[in-house]
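Only one structure is covered here, and it is reproduced in the block below.
Rule-based calculations on the coordinates, nothing more; no lab input. Please read these numbers as outputs of a predicted model, since none were measured by experiment. Here the Cβ is made from the backbone with ideal geometry for all residues, glycine too, and neighbour counts use every protein chain on show.
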Amino acid sequence: MKTITTESSEPQNSAAQERALQLACGCARVADDYRGTDTVVLNLTSVTRIADYFVITTATSRRQMHAIADESSRMMRKSGSQRIGTEGYDGDSWVLQDYGDVVIHVFNPETRTLYDLEHLWADAEKIDWQSVPLDDAE
């Protein structure tokens, strides 16, 4: 099993880094619970400073997209994270929620294919989010 490392070009608070990983994997589990498909967590710490993790998932309807986004938002709020911004919630192709260290992308299939974030961020490590144990608090 591969050990997940979160090395960055800048010194990083390891507790904050672990918390961000926990939150990202928690959001991936929310997406999975709400039947999001092809859910991916990307570790961006060695690639960019815009965020530590991207959570990317696909929803097949606007209602499912909102359910995943709303429940992810509840989980993040419960953990004490404040959302910096939301984009696309009124549309039906892509909802983005930015929490600074974690950015959640909920796409419809066509828009996910169009933007292809996994290819755009191909240098980022894919996290096996299903194998990351979560703290009870998350």
Once you have the Cα-Cα distance between residue 47 and residue 113, take 0.36 nm times their residue separation minus that, and quote the gain in nm to one decimal. 21.6 nm
Could you give the longest part of the chain that holds none of the trypsin sites (Lys or Arg not before Pro) found in DSSP loops with at most 10 neighbouring Cβ atoms within 10 Å? 50-138
Just the Cα atoms of the chain: what Rg and Dmax do they give in Å? 13.9, 41
Degrees between helix 62-78 axis and first principal axis of the chain (Cα, 0 to 90, nearest 10): 30
Taking only Cα atoms, what is the 0 to 90° angle, nearest 10, from helix 14-33's long axis to the longest principal axis of the chain? 30
Per residue of region 82-95, what does 6.51 cos²θ - 1.76 cosθ + 1.60 with θ = phi - 60° give for ³J(HN,Hα)? Whole Hz please, x for Gly and Pro, Karplus curve as stated. 9, 6, 7, x, 9, 10, x, 4, 7, x, 9, 10, 6, 10
Looking only at 93, 61, 72, which one moves most when the chain is put into a Gaussian network model with springs between Cα atoms under 10 Å? 61
Stretch residue 126-residue 60 to full length: gain in nm at 0.36 nm per residue minus the Cα-Cα span? 21.5 nm
Compute the separation of the alpha-carbon centres of region 96-135 and region 57-77 and state it in Å as a whole number. 14
Residue of 22, 97, 82 that the Gaussian network model of the chain assigns the largest fluctuation, springs spanning Cα pairs under 10 Å: 82
Here P(r) for region 46-118, Cα-Cα distances in 10 Å bins, as whole percents, is 20, 53, 26, 1
Under 15 Å from a point placed 7 Å out from the Cα of residue 37 along the Cα-to-Cβ direction: which residues of region 79-109 have their backbone N that close? 107-109
